[in-house]
Structures are given as C-alpha cells and as structure tokens.
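Read the structure below first, then the notes.
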Amino acid sequence: MPRSEGTFQVKITGRKAKIVVSSDGSGIISHSGGLLLLETVRATGLGRGLSAGLERWRKPRAIHDPGKIVTDLAVMLALGGDCLSDVAMLRSQPELFGLVASDPTVSRLVDALAADPVRALESIRTARAAARERAWELAGDAAPGWGGELIPIDLDATIVIAHSDKEQATPTWKKSFGFHPLTAFADHGVAGGGEALAVLLREGRAGSNTAADHIETAKLALGQVPKALRRQVLVRTDSGGGTREFLAWLSGRRLKYSVGFTIGEDLQNAILTFPETGWQAAYDADRQVRDGAWVAEFTGLLDLTGWPKGMRVIVRRERPHPGAQLRFTDLDGHRFTVFVTNTRPGGKNGQLADLELRHRRRARCEDRIRNAKDTGLRNLPLHDFAQNQIWCELVALACELLAWMQMLALGGTARRWEPKRLRLRLFSCAGRIVKGGRRLRLRLARTWPWADLITTAITRLQALPAP
C-alpha cells in the first residue's frame, strides 16, 4: 500500500519464535542466589546454634534435624515464601539446599514447638543472639556500634490483618481485625538497612502505649545485642513509648533514649509564650539547615515532677507543606512535634538540631516493618496464637539473615536494597549445577546483569571461617 504524506509505517524486522516448553531439564536450579543465605548461615554459625538449641525436639531415629527445618523455613521466607508449604521450593533443589523435610514433618515440628512456646522461643532467640554476635564480629567496621557509635533500636507497632478467625485475633484500633505486634529493629544507619531484634505478637486490641509491652519488647531486643555493646544502645520510639513507666525503666537501666512525647496543656501554654529568639534552626536529612523548621528546649519551663531525672523535652516547629492538614495540637499555623531524651547537652551529639535529626531518623523503622511484611509478617498463616508466635520468630530470623548477608557480602547501594529488589536481582537468578573433579560448580548465565555481583558476594562469604 503506498505511503501517503504524513503517514508512517513501522516494519517489524524480527519475530520471536514460538517457545516449546518441556519439563525434562537436568542440573538446572532456580533461586541460585539463595546460596548467599546458606553461606551466611554457615559463616555465622546459625545452623549449628539452632541444631543445638532445638535438640530436645528431635525424636529418636528422626531423619530431619529441627534446627535445619527452622533454618530452611527462614531461608524460604527470605526468598519470598509466605506459608509453611512454600518450603517445597527448597525441597525441589537438594543439590543447593540439601535434604528438606516434607510438609507434614514441618507442620509437626511447628506444632511441637508451639506446645512449649517459652522454651522454643528461648532456644531460637539464644541461637539468633549468638549468630548476631558472630556476624557483627565478622563485619568489622560495617557492623552496628563499631568505634563506640550508638546502636539505635527502634520500637514500633503495626497492624497485621487476619482474614479468618484465628486465636487472639480481635478488632484493632484502626477498625480492622487481626493482630497488633510490637517490633524492635536495630538501625544500621545511612550505609545499610536494619535487622529485626524482636517481634512481640499481641492481640489486635492491644494498646499503642502499653508500657509493659514496650518494656518486654525492649528486653527481648537488648537480649539480642552483644553484652559488650549494650551501653551503646539508644532506644527510640514514637509517642506510644512516652509513658512514665517505660521511661523510668529505661532510666533505671541507664539506657540512652529518644522517645516521642505527647503535647499536654502545660506544654501548649509554654509554646504559646515562648520567645521567637529562643528557636534554633533545624537540620534536614543531610545535616544542612532546613528552611522553615526550628527546634527549642522546653525542659526548664515544665513541671516534670514524677518523670525520670535528667529527661530533656525538645520541641520541633515547622511550617507544614502545601496542602497539609493541621491538627488541633498545631498552633499559630505551625506543626509541633515533641520528644524527650536523656542525652546531656554539649558536644556534637548534644546540640538540639542534632538530637532532633537523630530522633527523626527513627522513621526508618517504618521501612523495616514494611520489609518484614514482605518477608512473612503480612499474614500470619497459622491458627493458634503460639504457632503464630513461632512464625513471628521465623520472620525475625529471615529479616536478619537478609541484613547479615548484605552486611557481610555487599557494599555500596546494594547493602541498602530491600527484599523485593534482592529477590529480583540476586536470589531469583537461575543457574546450572555442574559436577566434576569431585566438586559441584554453580554456573550462572553470563548475560545476567548482576551475575558478577552474586559471584563476588558468594566468594566473600565463603572466605569467612565458620565459628
């Protein structure tokens, strides 16, 4: 057909041939990047620790080790699974993942652990703490707390929706139905992500500012930090943790804290009468002066009788962004947020703008929770509350496996990749297992954009000695 003026024709120069599918391939494996997680388990001694801790649940003449089953479940969650039966993707590739238990065996172990949840959780947490200490030791200057730096531990709660009637699933304060777990994450700072320290499962009606739950979660989190580093811990929470009981508990253990605080009537009056000259410029995320934001200390203007000694009250004032809806606690067209800390004045870490920036970085905990929900926390698949407690422990284990792997094997921006990107670029890579010279060789496609990154990371992990 002749081409008329102003009309363009596109000629297709290539057609993709029809793909014929068959299921007769051999030596081919998917999720070959899962070897990164297996090498992390080996280097940190996590597998051996779980095997020793869960030995009492191993039946006589049993083929499968309970510690290996728990490790496989954590690896499965890290790779993107969201129910017990998803462990089948490991079982189908014994050359890479070894002998993996059947679905009934996995279910029976979870039931057995849930029958004695106190001992089971304690055993898993002990193995996690030992592996974490090993991982931080191997990481050197990439580990939290290196060189005496603070180790921020962020506590925050989240809603987990239940789509069926499960034990202790109740209506939540958000008018939904499910659970309201309280989590704790160790922040790796701007260079990395963070690792789960505790996931305390609670019924849906559990409060956001329950001091007893905050104390229990903080205890679990501290138990995961190496003893030599616990004096470097900085506990951060939102205003849900700003209770007298929780702050008194933190002060009694000489822990550093930065906790959100509720604006009361006395503080509101102090803000209204505070002189304009008392406000100091606040910082943005890059520690540069931020236009339209200020900070000030109100400690001496309030009656803090009954609150811990040494508690400082710091207020942030900012102009809301265009379109933002003001709250009833916002005064004079400004938005105010308050936090309290026991960090003393003076030095770089005692300046108001630095303290406020340090507290604001607690918001990264929201990213950690979102990533945990992408790693099995979005839906609790089991019915009994104790079973789901075990599941939450597996989620925490999977989250920290990812964090340890990145801390030990990756650098640059790859250390900050979230689970979705890790799965797409590293874990989902297919490979071929080749046997020869009494060795197994994993061959990745040379055209895979991140093949070199995977091989380099695996080589780094394999060079680390097992404990």
Subject >> Residue that is farthest from ILE153 (Cα to Cα) [pool: residues in the stretch 245-263 that are open to solvent by 30 Å² or more (accessible area, probe 1.4 Å) and part of a loop (DSSP other than H, G, I, E, B)] >> reply: ILE263
Subject >> Residues (among the aliphatic types (A, V, I, L, M) and in contact (Cβ under 8 Å) with a residue 40 or more places away in the chain) located in the stretch 223-247 >> reply: VAL225, LEU229, VAL233, LEU234, VAL235, LEU247
**OP:** Test ALA403 against the criterion of being modelled with pLDDT of 95 or more, crowded, with 23+ Cβ neighbours inside 10 Å and under 19 Å from the mean Cα position of the chain (by Cα), and give yes or no.
**Re:** yes
Subject >> Complete set of residues in the stretch 249-290 that are touching an Asp or Glu at 6+ places or on another chain (Cβ under 9 Å) and farther than 25 Å from GLY189 by Cβ >> reply: ASP266, ILE271, LEU272, GLY278
**OP:** Name the helices (runs of 4 or more DSSP H) wholly inside the stretch 50-107 in which the number of residues that are farther than 21 Å from CYS399 by Cβ is 3 or more.
**Re:** 94-97
**OP:** Answer yes or no: is there a residue in the stretch 431-440 that is hydrophobic (A, V, I, L, M, F, W, C), part of a loop (DSSP other than H, G, I, E, B), at pLDDT below 95 and surrounded by fewer than 16 Cβ atoms within 10 Å (Cβ to Cβ).
**Re:** no
Subject >> Residue count for the stretch 278-300, restricted to those that are assigned to a loop (DSSP other than H, G, I, E, B) and acidic (Asp, Glu) >> reply: 2
**OP:** Output the qualifying pairs, or none if there are none: Cβ atoms under 8 angstrom, residues six or more apart or on different chains, first residue in the stretch 40-64 and over 14 Å from LEU109 (Cα atoms) and surrounded by fewer than 20 Cβ atoms within 10 Å (Cβ to Cβ), second residue at pLDDT below 95 and not hydrophobic (A, V, I, L, M, F, W, C).
**Re:** GLY45/PRO467; ARG48/PRO467
Original post:
In the stretch 97-133, which residues are within 15 Å of GLY223 (Cβ to Cβ), touching a Gly at 6+ places or on another chain (Cβ under 9 Å) and surrounded by 14 or more Cβ atoms within 10 Å (Cβ to Cβ)?
Top reply: SER123, ILE124, ARG125, THR126, ALA127, ARG128, ALA129, ALA130, ALA131
Subject >> Which numbered condition PRO144 misses (of (1) open to solvent by 30 Å² or more (accessible area, probe 1.4 Å); (2) over 21 Å from VAL70 (Cα atoms)) >> reply: (1)
Original post:
Which is over 18 Å from the mean Cα position of the chain (by Cα), in contact (Cβ under 8 Å) with a residue 40 or more places away in the chain and farther than 15 Å from ILE153 by Cα, of LEU267, LEU201?
Top reply: LEU267
Subject >> Selection from the stretch 45-78 of residues that are on the phi > 0 side of the Ramachandran plot and modelled with pLDDT under 95 >> reply: ARG61
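The values are calculated or read from the model by the stated rules, or taken from the named source; none is laboratory data. What you are looking at is a predicted structure, and each value in this text was computed from that prediction instead of being measured. Backbone-built Cβ (ideal geometry, glycine too); neighbour counts: all protein chains shown. Only protein heavy atoms, including side chains, enter the accessible area calculation; ligands, DNA and RNA are left aside. Shrake-Rupley method; radii C 1.70, N 1.55, O 1.52, S 1.80 Å.
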